[in-house]
Amino acid sequence: MARMKFLCDADRCIECNACVTACKNEHEVPWGINRRRVVTINDGKPGERSISMACMHCTDAPCAAVCPTNAFYTTADAVVLHSKDICIGCGYCFYACPFGAPQYPKVGNFGSRGKMDKCTYCAGGPEGDSTKAEFDKYGTNRLAQGKLPLCAEMCSTKSLLAGDGDIIAQIYKERVVKRGYGSGAWGWKTAYKETIAS
Amino acid sequence: MARFLARFFAQARFIVGALALLFVVTLGPVSAQQQPTSVNPTASAVKEDELLRQMRIISGRGTIPDAQSYNLEQPAGREWREFHQVTLPWIGAIAVLGMLALLVGFYLWRGMVKIERGRSGRTIVRFNAFERFTHWVTASCFIVLAISGLNITFGKSLLLPLLGPEAFTAWSQWGKYAHNYLSFPFTIGVVLIALIWITGNIPNKTDVEWLKRGGGMVGNDHPPAYRFNAGQKMIYWIVILGGTAVAVSGYLLMFPFYGTTVAGMQLAQIVHGIVGVLFVAAMLAHIYIGTIGMEGAFEAMGTGTVDENWAKQHHALWLTEEQARTGPNASQSQGQARAAATPAE
């Protein structure tokens, strides 16, 4: 089985936010929740860089470790998913997540949290593949249809790569060799405890 | 000589010309090819490794309203995970189980502290209805808060295998609602406790003497005390200070990111968790002394009255004060009414 990963080639990201929009539209993500976002460091200054970030589907995921109800599980493709039927909306996964991926709908006053929502790597949830129940809770299950996450598929500069970790790492390495530079795979050290030599 | 120089210059001119031609022909196109590949357009841009060394949270600017989403990476989450998964369960287990073991051991060694002279049959009012109401509102909230709180830390390993995922989630969900909503009456209770019992809980010289003589729990000595002895004063201050700490940290957790960042939320959870489990341990001791640990103690908070002999034994100075204030007859007549009611209880 593949080991699915995301890789954002930061030298290519132009902060167009197409990945953010594609994700919101594909999964009909409610207002106030963003499964993916683009962060720009040193915006408008020398050294500016934009990176698209979502759940990185970590190895030994911190969210799963701290969850008080064991709502998380890892698929055969190493995608970290969760069950909204088991989640109680305590917010602990957000404190543990290195990438700020978990999102919570506001269900009451003063920011009281509903059941957590996050990037599913377009792989749905524990419900039957491509059922309405699955779509309502987690969005489209593109992986079940043999497709990769839409954010990466839509990326205008092919900055965001999704797929088997070894394959996208190889693509990135070839790019680095060809163009002669690369700023590394952002977040990989934190998520997977590995880096791509560049 | 002049002819030699002229020939040399002619040759040199030829060599220089040939070299220049060679330079234009070969180096020109080469440098034209190499120049673009040697320029890195993002060479000056920030690097992840540098940022991770410089700051605990890599953050920038985003285009969505949620300010928390501007944090790109916070490896510090790993430290919080370590606290939540390893440190807190250890502190909690040692505090709660340690206290339980201590109390069981103490009970086996000391047994129930009896009223030495037996009951006199005369009673004296110790806590009025409002004081008891405040105590029990706070206490019942505390029990629910303690159980639902311990469930968040220990439920996954202790209850989840027994109940199964669905039932455990239903239980934890109700626990979360109870924890959130009962925090309000609990906080009001702590504030009221602080106000109604502050007089009598200021430490003084009697407490030093009381502590030196083992407080009557260790050994058979009965050092005199006013309304609250040093042990009770300790419980009072644990409730006030601990209650304030759990309330403040709890409300920060309950209203996420109102003036806090993710680091602030992690800190609030750390404070809430540690103070919470220590609070539970302290209250176990309080419950022990108030029930099976001491004869005649529970009725102070139950019916509000205590036996005079109990008061003489544990709060001699308070009893003298009260009798001087109300006169011995007051407690006598009240005691007779109580004595008549006693057999029915």
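Since every read-out is calculated from the coordinates, none of them should be taken as a lab result. It should be emphasised that the depicted structure is a prediction, and the values quoted were computed from it without experimental measurement. Here the Cβ is made from the backbone with ideal geometry for all residues, glycine too, and neighbour counts use every protein chain on show.
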Q: Give the residue that is farthest from the other protein chains (Cβ to nearest Cβ), with candidates limited to residues of the stretch A:1-37 that are among the charged types (D, E, K, R) and more than 15 Å from the chain's Cα centre (by Cα).
A: A:Glu28
Q. Condition test on A:Asn70, is it crowded, with 21+ Cβ neighbours inside 10 Å, within 7 Å of chain B (Cβ to nearest Cβ) and of a type outside the set (Phe, Trp, Tyr)?
A. no
**Q.** Subset of the stretch A:84-114 that is charged (D, E, K, R) and in contact with a Ser or Thr (Cβ under 9 Å, 6 or more places away or on another chain) - its residue that is nearest to the other protein chains (Cβ to nearest Cβ)
**A.** A:Asp85
**Q.** Every residue from the stretch A:73-83 that is within 13 Å of chain B (Cβ to nearest Cβ) and either surrounded by fewer than 23 Cβ atoms within 10 Å (Cβ to Cβ) or of a type in the set (Phe, Trp, Tyr) (or both)
**A.** A:Tyr73, A:Ser83
(Q) Given the options B:Gly175, B:Gly250, B:Gly242, name the one that is in a helix (DSSP H, G or I), in contact with a Gly (Cβ under 9 Å, 6 or more places away or on another chain) and under 21 Å from B:Tyr288 (Cβ atoms). (A) B:Gly242
**Q.** Residue that is farthest from A:Gln103 (Cα to Cα), among those in the stretch B:67-94 that are within 7 Å of chain A (Cβ to nearest Cβ) and not in a helix (DSSP H, G or I)
**A.** B:Pro75
Q. Going through the stretch A:4-48 one residue at a time, which ones are of a type in the set (Lys, Arg) and surrounded by fewer than 21 Cβ atoms within 10 Å (Cβ to Cβ)?
A. A:Arg12, A:Lys24, A:Lys45
Q) Which one of these is surrounded by fewer than 19 Cβ atoms within 10 Å (Cβ to Cβ) and either more than 14 Å from chain A (Cβ to nearest Cβ) or touching a helix residue (DSSP H, G or I) at 6+ places or on another chain (Cβ under 7 Å) (or both): B:Val280, B:Val271, B:Val239? A) B:Val271
**Q.** Single unsatisfied condition, B:Leu97 versus (1) of a type in the set (A, V, I, L, M); (2) surrounded by fewer than 15 Cβ atoms within 10 Å (Cβ to Cβ); (3) within 14 Å of chain A (Cβ to nearest Cβ)
**A.** (3)
(Q) Return the residues of the stretch A:2-20 that are out of contact with any Lys or Arg (no Cβ under 9 Å at 6 or more places or on another chain) and among the small types (Gly, Ala, Ser); say none if nothing qualifies. (A) A:Ala2, A:Ala18
Q: Check off (1) surrounded by fewer than 15 Cβ atoms within 10 Å (Cβ to Cβ); (2) over 19 Å from A:Leu7 (Cα atoms); (3) not β-branched (Val, Ile, Thr) for B:Leu88 and give me the number that stays unchecked.
A: (1)
Q.
Would you confirm, using the coordinates I've provided, whether A:Tyr121 is part of a loop (DSSP other than H, G, I, E, B), at the interface with another protein chain (Cβ under 10 Å from one of its Cβ atoms) and under 30 Å from B:Ile57 (Cβ atoms)?
A. no
